[in-house]
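Okay, so here's the structure we're looking at.
The values are calculated or read from the model by the stated rules, or taken from the named source; none is laboratory data. Quick caveat, the model's predicted, so the values are computed rather than measured. Please note: Cβ atoms are built from the backbone with ideal geometry, for glycine as well, and neighbour counts cover all protein chains shown. Note: accessible area is taken over every heavy atom of the protein model, side chains too, but ligands, DNA and RNA are not part of it. Shrake-Rupley method; radii C 1.70, N 1.55, O 1.52, S 1.80 Å.
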Amino acid sequence: MNKLQKTLLGQIHNYKYNKLIVFDKKEDILKQLSIIPDKFKIKHVMDNKSIEQYNNSDSLIIYVIDKKIKEQIKTSEIISRLTLLNPENIIVISPSLSKNYSDDSFYKTLISFGYKLLSFVKEKDVFYFFYAYNISSYKNIPDWLNNENWANPELWEK
């Protein structure tokens, strides 16, 4: 089992779903998923219209960004819609030739959508960046937001 397969399995096991919907035009990730135990049912989707039909699905959606698509805006719109329709069960994988994730063309877009960079792994000169969106952990709770500091009238004058 290579590093990419281990990372994939690690990310998938963080979710409760036993069905996977994989959008992967180049099929790189799909090939890596072939080692997954029979516990998971995998459905491969090849076109954007098909992936957009999944709404609050009982499956984990794995969307692999195809960098050869010239329409980055279109891909961003699709990811945005998927995020709205599936706020707790989506992972986006962004392949890149550079280790510097901030150079990745989709990094800022995904972060602005509320995704968090979970991890990255290098396999055969390609870096795979794993992003996830989960509405329940979307916003980090600041330290000051607690019952000791919140709504204490004696601190309002300070």
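All Cα-Cα separations within region 3-139 were binned at 5 Å from zero, giving a P(r) of 2, 10, 22, 25, 23, 13, 4, 0, each value a whole percent of the pairs.
Across the cross-link table entries LYS3/LYS74; LYS67/LYS99; LYS6/LYS49; LYS3/LYS25, which are compared at the Cα atoms, the separations over 26 Å belong to LYS3/LYS74; LYS6/LYS49. When restricted to Cα atoms, region 3-66 yields an Rg and a Dmax of 11.2, 32 Å, respectively. If you wrap the Cα atoms of region 41-99 in a convex hull and average its projected area over all directions, you get 4.7 nm².
Per-residue SASA remark: PHE129, around 0 Å² accessible (1.4 Å probe; ligands, DNA and RNA not included).
In region 1-127, taking the dipole from charged Cβ atoms about the Cα centre, the farthest positive-side position among THR7, SER96, ILE79 is held by THR7.
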